Every structure is written in structure tokens, then in C-alpha cells.
Amino acid sequence: MAALPVPQGRGRRAVLGSLALAAVGGPIAVAAARANAGTTTPLAAKAPKLVWSPNPLTDGLNAFEGIEDDRANSEPGVKHIYVKNGVYHWDMHRKQRDTSKDRQRNEVKGMRSGNTVLTMGKGETWRFTYDLFIPSTLHGTSHFTHIFQLKRPGPGTGPLVTMSLRRNGSQEQLALRAFASGGDIGATALSPLRDHWVGVDMTFLIGDKGSAHFVLTDGGRTVVDGTRNNIDIWLGDRIRPKWGIYRSVQSTASDIIDCSMEIRNFKAYLG
């Protein structure tokens with residue numbers, strides 16, 4: 001991924017050392033001394049730092065900045081986001097409606113490590129990895145179905161990047177989309193991914209001209225490896241990830257059925 005340029009080229013020590021060896025008639029000892037004078041060992045590139053790795057059994061939903069579970073209380077007393085069998089689990093029922101009646105939403109938002117809310121700032125590079133389970137009941141739809149979003153917090157802000165389940169006729173796809181800029185970062189057929197765990201690996205450079213790299217693996221086989229540069233991943237303030245099921249109910253009724261989704265092994269790296 002070309003998100004962050006890595007300094008290239010030979011260090012001053014190497015250049016001076018080469019000149020010393022090439023010099024004719026120059027004392028080798030003097031040349032070596034000059035080559036070593038005032039130089040420092042180049043710093044190795046810093047590895048990304050693991051900053052978030054929640055344990056569902058001990059952290060529970062406190063791993064997230066906030067929970068949006070049936071905001072309109074369309075199913076009173078029913079929890080739709082919880083830990084099940086040691087993994088994070090989302091339910092969505094056909095009857096649910098969000099505060100806007102044309103859609104449904106059960107999502108978690110943001111990341112929390114202990115008492116600290118982790119924020120995504122401009123110019124930062126963030127990598128997310130996790131395992132995703134999509135059952136056969138969670139369909140691609142002709143209107144939007146998002147299972148991941150990058151957004152600026154606050155009402156009225158549209159998504160900047162989405163992982164969407166979409167339908168074109170009988171063809172269903174999973175796609176990571178540069179939503180604000182238009183177009184896909186990577187996409188693949190949805191049907192082969194269902195009813196088993198697949199690996200998600202996404203890296204984002206946050207900015208007005210940001211970039212994204214998306215790798216999806218299935219049983220150790222890479223099925224998507226896509227990159228997009230110069231895409232909009234910034235609206236000011238900060239950026240926050242969201243996971244869950246957020247979908248329009250204006251799609252075909254046969255696609256808006258009771259469904260669920262699961263995620264395990266959440267990890268986020270910064271740098």
C-alpha cells in the first residue's frame with residue numbers, strides 16, 4: 001500500500017564510504033575517518049503499534065465508545081448487540097426500525113481501551129484486522145446494507161468509507177467502498193463467504209486525500225487485495241469506525257429478513 005511514503009536512498013555513511021573506496025591516491029584511513037565523522041545510524045521504520053484488542057469476555061461492550069441498539073425502541077426490552085459464545089454478536093429482526101423509519105440500525109461505534117476513547121486523526125494511519133462471520137440470512141440488497149463505516153461523529157454526517165453488502169439482480173457482493181469519493185476499494189462475490197469465518201484486514205491513511213488498502217482472506221486464500229489513493233477520509237474533528245448492521249428497508253422484502261452477524265479477534269494498530 002502506498003499510503004505512507006517510506007524514505008528511500010542511500011545513507012550518508014554509504015555514500016561517503018563509496019567515495020572513499022573510489023578515490024585514487026587518497027589515504028584509505030583518512031577517507032574512512034571522514035566517512036564516519038558526523039554520521040548516525042539510520043533509524044529503522046517504526047512498526048505499527050497495537051492499541052486496541054478487546055476481549056469480549058472481559059471487556060464486553062465497554063470495548064466501544066458507544067452502542068446504537070434499536071435507537072427507536074421498536075422491540076422494547078430486546079438486546080440485539082451482545083457477546084455470544086465468546087464473540088461479538090449482532091441480531092437484526094425484520095420488524096425493527098430506526099429513528100428514520102426507512103432503515104434499521106444496530107451498530108457499535110468507536111473504540112475504548114480501558115477508560116480511554118481512541119480517536120482517529122488527520123494524517124494518521126490505522127489498520128484494523130478481525131474475523132467476520134456472515135450467515136446465509138444476511139443478504140446483499142439493492143438499497144444500502146453497511147456492516148462497517150468510517151464517519152465523523154455527529155448527526156447529519158455521511159459515511160466516508162463503508163463495507164457494504166449489495167445486490168445486482170441475482171448477484172450479491174461484499175465491497176469496501178470509498179463512499180464519499182465514489183467507487184470500490186475492493187469487492188468480491190458474497191455467496192462463497194457465507195456461514196464460515198473470513199479474515200478482514202483494512203488499512204487507512206486518514207485525510208482529505210487519504211488512502212485505503214483492503215485484504216480479505218478465506219481459509220488462508222486471498223480473495224480481495226485492493227488499494228485506492230486520493231480518497232476523502234476526513235471531514236474535520238476526528239474519524240470513528242462503526243460495526244454492525246445498518247440497512248435500508250426499501251429493498252426487496254425477501255432480503256429484509258431476520259439475520260445476524262458476528263466478529264471476533266478485533267485488533268487496531270496505529271502508525
statement: So the FRET efficiency between Asn168 and Lys95, C-beta based with R0 = 25 Å and rounded to 0.05, is 0.40
statement: The extension gain from Arg194 to Asp258, computed as 0.36 nm times the residue separation minus the Cα-Cα distance, is 21.5 nm
message: How would Asp201, Asp70 line up from fewest to most surrounding beta-carbon atoms within 10 angstrom?
response: Asp201, Asp70
task: Take the alpha carbon atoms of region 176-229, find their center, do the same for region 77-117, and report the distance between the two centers in whole angstrom.
output: 22 Å
message: A 28 angstrom limit on the alpha carbon distance is what I want to check against. Which of Lys79/Lys122; Lys79/Lys109; Lys46/Lys84; Lys95/Lys267; Lys84/Lys209; Lys122/Lys267 exceed it?
response: Lys79/Lys122; Lys46/Lys84; Lys95/Lys267; Lys84/Lys209
task: Give, in nm to one decimal, the length gained when the segment between Asp184 and Ala47 is fully stretched (0.36 nm per residue of separation minus the Cα-Cα distance).
output: 46.5 nm
query: Tally Lys and Arg at +1 and Asp and Glu at -1 over the other residues with C-beta under 10 Å from the C-beta of Gly186: what net charge comes out?
result: 0
field: Proximal charge balance of Gln96 [Cβ under 13 Å; K/R count +1, D/E count -1]
entry: 0
message: I want the local charge near Tyr269. Using Cβ-Cβ distances under 10 Å, sum +1 for each Lys or Arg and -1 for each Asp or Glu among the other residues.
response: +3
query: Mean projection of the alpha-carbon convex hull of region 166-271 over all orientations, in nm²?
result: 8.1 nm²
- prompt: How much FRET efficiency would the formula 1/(1 + (r/R0)^6) give for Thr137 and Ala72, where r is the Cβ-Cβ distance and R0 is 25 Å, rounded to 0.05?
  reply: 0.70
message: If I take all pairs of Cα atoms in region 137-177, what percentage of them are more than 13 Å from each other?
response: 53 percent
- request: Sticking with the crude label model, points 7 Å out along Cα→Cβ, report the distance from Leu235 to Lys84 in nm, one decimal please.
  value: 3.1 nm
- prompt: Most exposed first by the Cβ proxy, i.e. fewest other Cβ within 10 Å, how do Thr145, Thr188 rank?
  reply: Thr188, Thr145
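Only the coordinates and a few stated rules stand behind these numbers; no lab work does. Everything numeric here is computed off the predicted structure, so don't read it as measured data. Neighbour counts run over all protein chains shown; Cβ positions are idealised from the backbone, glycine included.
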